[in-house]
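What follows is a set of notes on a single structure, which appears directly below.
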Amino acid sequence: MSITEEAYRVLKMNDRGGYTIPRPKLYPFQWNWDSCFVALGFMTYDEKRAWEELDLLFQGQWSNGMVPHIIFHRESDNYSPGPDVYQVVSATGIPTSGLSQPPIASFCVRRMYEMSSDKEAAKEKVLKLLPRLFAYHKWYHDVRDPMHTGVVSILHPWESGRDNSADWDDALGRVPITNLLHYERKDLKHVAAEQRPRKEDYDRYMSLVQILREHKHDAPGHYLASPFKVGDTTVNFILARADQDLLWLMETLAPDTYESEIMTIKEWLVSSKEAMERFWDEEDGLYHCIDVMNGQRIKSNSSGGFTALLTGWVSPERTEILLEKLRRWKEETGKHVVSFDPYSPRFDPRRYWRGPVWAIVNFLIYEGLVTAGQNKMAKEVAADTYELVKQSLFAEYYNPQTGEGLGGDSFSWTAAMWLYWLKPLADELGFVDEINSELDVAGA
Ligand code: DGY
């Protein structure tokens with residue numbers, strides 16, 4: 001079976017009819033940003049199915065515009081915390097989580113529209129999505145940045161998608177765990193403990209969910225009550241890029257209908273661009289997260305900092321500094337791009353977001369590098385990701401030093417990245433000779 005056939009198999013296996021789960025048992029529901037990346041994969045061979053992925057994701061949208069990070073379309077005993085813990089539903093009554101995730105949807109929808117072969121059908125889909133996408137972005141800008149500072153806050157590490165990044169160690173350390181109710185670690189039934197977040201992190205994740213739940217995970221109570229408010233690099237820079245993509249979609253497809261929304265997005269962009277300066281750490285030569293509780297930058301070097309390139313707003317001088325850091329990180333670990341500073345004592349090449357390489361982050365950094373005109377480095381990042389997939393197939397994440405696949409295997413978004421990004425790019429650039437060779441993945 002070729003790698004591409006394996007990718008089709010994975011997406012088929014994880015398809016639950018209109019939406020795709022990231023991986024059976026470990027993540028048995030629809031996840032927000034996973035689904036957006038997966039839709040890009042479907043787009044390469046089944047456009048109708050790709051749009052369905054977005055339709056079902058937005059069935060989870062709340063009446064205040066928030067798109068939750070998990071949509072519990074069906075029940076499953078394999079995952080915790082489930083709907084019984086969050087106790088909230090979407091505008092249409094579907095149980096969901098009360099948190100969101102990096103708002104990558106508009107970025108993907110623009111790409112889906114641009115690559116669609118059936119432009120009329122795609123336009124119809126996008127026109128239906130536009131008000132929903134706008135409401136989602138507006139929720140981030142208003143509810144998660146109530147003072148309109150240009151920096152939106154996450155209220156839980158899960159909202160960054162980079163759950164146990166060392167970026168949160170200090171801010172999460174201040175979250176009280178005194179009244180924590182009993183909970184079960186179902187993830188440890190599916191993945192080895194040393195590849196997952198530690199108990200002390202989980203206690204605080206669950207405590208935060210409890211605190212936010214007291215306010216039904218909604219504004220303004222949940223924002224004020226949260227002891228964890230962080231301006232995450234990934235969420236803020238993805239939002240800045242997604243705002244640009246949403247603007248493009250509105251101006252291209254329905255400028256008259258969305259005149260006032262277009263003005264609003266332009267205002268968001270001015271304010272995000274100005275605020276971006278606050279994320280830059282001159283001493284470390286990287287964009288850092290901001291602890292909104294005390295206004296300080298968080299001194300922690302993670303791969304999230306490189307997603308700044310997605311905005312198109314990084315100066316050539318700073319781009320050079322970022323490139324140098326990418327080179328140094330690779331020198332130390334052998335592969336682009338580790339999720340955490342390999343020179344730090346907190347680096348751990350096997351533990352989730354504290355070191356391993358993630359294909360979708362590499363894709364975002366690749367896109368950022370292309371945006372910055374850094375095609376050579378972009379190609380290197382893609383080639384390393386390709387090597388990892390070739391060695392260990394569609395893992396959730398990879399040990400940069402050995403190439404070992406970690407976390408869940410047969411992982412949907414990694415398979416989607418192969419179909420959408422790595423395979424076509426390798427075909428075009430020929431950066432790997434054996435790209436079309438048949439690989440025996442029997443028993444994978
Ligand atoms: C998990 O449960 O590990 C997820 O990443 C939360 O979204």
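The values are calculated or read from the model by the stated rules, or taken from the named source; none is laboratory data. Keep in mind it's a predicted model, so treat the numbers as computed, not measured. We place every Cβ from the backbone using ideal geometry, glycine too, and count neighbours over all the protein chains shown. These area figures cover heavy atoms from the full protein model, side chains too; ligands, DNA and RNA do not enter into them. Shrake-Rupley method; radii C 1.70, N 1.55, O 1.52, S 1.80 Å.
Worth pointing out:
- Listing of helices (runs of 4 or more DSSP H) fully contained in segment 137-250 that carry 2 or more residues being within 22 Å of Arg351 (Cα to Cα): 169-173, 199-213
- Failed item, numbered, when Val235 is tested on (1) within 16 Å of the ligand (Cβ to nearest atom); (2) under 30 Å from Lys123 (Cβ atoms); (3) open to solvent by 10 Å² or more (accessible area, probe 1.4 Å): (3)
- Scanning segment 118-129 for residues that are in contact with a strand residue (DSSP E or B) (Cβ under 8 Å, 6 or more places away or on another chain), away from the ligand (no atom under 16 Å from the Cβ) and under 26 Å from Ser272 (Cα atoms) turns up nothing.
- If the condition is being of a type in the set (D, E, K, R) and either crowded, with 19+ Cβ neighbours inside 10 Å or touching an Asp or Glu at 6+ places or on another chain (Cβ under 9 Å) (or both), then segment 390-404 contributes Lys390, Glu396.
- Residue list for segment 292-310, restricted to those being crowded, with 17+ Cβ neighbours inside 10 Å, more than 14 Å from Gly150 (Cα to Cα) and not small (Gly, Ala, Ser): Arg297, Ile298, Asn301, Phe306, Thr307, Leu309, Leu310
- Lone qualifier among Glu367, Glu387 - being acidic (Asp, Glu), surrounded by 19 or more Cβ atoms within 10 Å (Cβ to Cβ) and assigned to a helix (DSSP H, G or I): Glu367
Okay, residues lined up against (1) touching a helix residue (DSSP H, G or I) at 6+ places or on another chain (Cβ under 6 Å); (2) among the hydrophobic types (A, V, I, L, M, F, W, C); (3) under 26 Å from Lys335 (Cβ atoms):
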{"position": "Val270", "(1), (2), (3)": "no, yes, no"}
{"position": "Glu274", "(1), (2), (3)": "no, no, no"}
{"position": "Tyr287", "(1), (2), (3)": "yes, no, yes"}
{"position": "Met293", "(1), (2), (3)": "no, yes, no"}
{"position": "Arg297", "(1), (2), (3)": "no, no, no"}
{"position": "Ser303", "(1), (2), (3)": "yes, no, yes"}
{"position": "Ser315", "(1), (2), (3)": "no, no, no"}
{"position": "Arg318", "(1), (2), (3)": "no, no, yes"}
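- Segments classed as helices (runs of 4 or more DSSP H), wholly inside segment 8-88, with at least 1 members that are more than 16 Å from the ligand (Cβ to nearest atom) and open to solvent by 30 Å² or more (accessible area, probe 1.4 Å): 47-58
Table: residues versus (1) more than 22 Å from Met115 (Cβ to Cβ); (2) open to solvent by 40 Å² or more (accessible area, probe 1.4 Å); (3) modelled with pLDDT under 95; (4) in a helix (DSSP H, G or I).
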{"residue": "Asp409", "(1), (2), (3), (4)": "yes, yes, no, no"}
{"residue": "Trp418", "(1), (2), (3), (4)": "no, no, no, yes"}
{"residue": "Leu422", "(1), (2), (3), (4)": "no, no, no, yes"}
{"residue": "Ala444", "(1), (2), (3), (4)": "yes, yes, yes, no"}
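- Any hit, segment 424-437, residues being at pLDDT 95 or above and of a type in the set (Val, Ile, Thr): no
- Note on segment 147-188: residues that are touching a Phe, Trp or Tyr at 6+ places or on another chain (Cβ under 9 Å) and surrounded by 14 or more Cβ atoms within 10 Å (Cβ to Cβ) amount to 24.
- Unique residue being among the basic types (Lys, Arg), over 15 Å from the mean Cα position of the chain (by Cα) and over 21 Å from Ala225 (Cα atoms) when the list is Arg111, Arg144, Arg162: Arg111
- Counting the residues of segment 163-217 that are among the β-branched types (Val, Ile, Thr) and within 15 Å of the ligand (Cβ to nearest atom) gives 2.
- Index of the failed condition, Lys119 passing every other in (1) touching a residue at least 24 places away in the same chain (Cβ under 8 Å); (2) over 20 Å from Glu261 (Cβ atoms): (1)
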